[in-house]
Amino acid sequence: MSEGVEWALHSCLNLAWSGDGRAVSAARLAAWHELPAAYLNKQLQALARAGIVSSTPGPRGGFRLARPLDSITLMDVVAAVEGPDEAFRCAEIRQQGPGGGEEPPAADCAIAHAMGRAELAWRRALAAQTLDEIRQQAERQAPEAPERLRAWLAAGAPAAPAAHRTSDN
């Protein structure tokens, strides 16, 4: 999974904490965690295409949540950023080379079957947890976090140059 998923999840929480449906630019969201704004913008655009955030153009524009956190699951964000494809794709390598079996194989690949079960469990777990549950946990761990972000946004400090990072993509 790419760093973009983590960035997208944090951005959703930060948008919730920004208050009153305030639009926040990708540059400001990126500056808060010293991330590359252009790459974070790609993640935010993916969230917008999925209907998780909305985008408003212009100098006072930016991103805001399009839905309440209790209607956004972790799986929604993962699928928006990473796409809907399965993480494991069986290429049937068991049928290649001198160890190749009969044509067609007599049974499904045991590895593909096991990986499919694991992926289903993973997806169900992500789909069962909302961003509101994550918000509540984050606020228990760092009760000052929402107010710190709101104060920083209100101060209007210029977006700091983001650190140069590479993505997992």
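The values are calculated or read from the model by the stated rules, or taken from the named source; none is laboratory data. In this text, all values refer to a predicted model and were calculated from it rather than measured experimentally. Here the Cβ positions follow ideal geometry from the backbone for every residue, glycine too, while neighbour counts run over all protein chains shown. The accessibility values were calculated without ligands, DNA or RNA, using every heavy atom of the protein model including side chains. Shrake-Rupley method; radii C 1.70, N 1.55, O 1.52, S 1.80 Å.
Here is how the numbers come out for the structure above:
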{"read-out": "Unique match (being modelled with pLDDT under 95 and exposed (fewer than 11 other Cβ atoms within 10 Å of the Cβ)) among PRO161, PRO84", "value": "PRO84"}
{"read-out": "ARG89 being open to solvent by 40 Å² or more (accessible area, probe 1.4 Å), within 30 Å of ASP20 (Cα to Cα) and at pLDDT below 95", "value": "no"}
{"read-out": "In the stretch 118-157, the residues that are exposed (fewer than 10 other Cβ atoms within 10 Å of the Cβ) and modelled with pLDDT under 95", "value": "ALA155, GLY156"}
{"read-out": "Residue that is least open to solvent (accessible area, probe 1.4 Å), among those in the stretch 53-67 that are part of a loop (DSSP other than H, G, I, E, B) and out of contact with any Leu (no Cβ under 9 Å at 6 or more places or on another chain)", "value": "GLY61"}
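Condition check ((1) part of a loop (DSSP other than H, G, I, E, B); (2) in contact with a Cys (Cβ under 6 Å, 6 or more places away or on another chain); (3) not hydrophobic (A, V, I, L, M, F, W, C)) across all residues:
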site: CYS12; (1), (2), (3): no, no, no
site: TRP17; (1), (2), (3): no, no, no
site: LEU29; (1), (2), (3): no, no, no
site: LEU44; (1), (2), (3): no, no, no
site: GLY51; (1), (2), (3): yes, no, yes
site: ASP70; (1), (2), (3): no, no, yes
site: VAL81; (1), (2), (3): no, no, no
site: ALA112; (1), (2), (3): no, yes, no
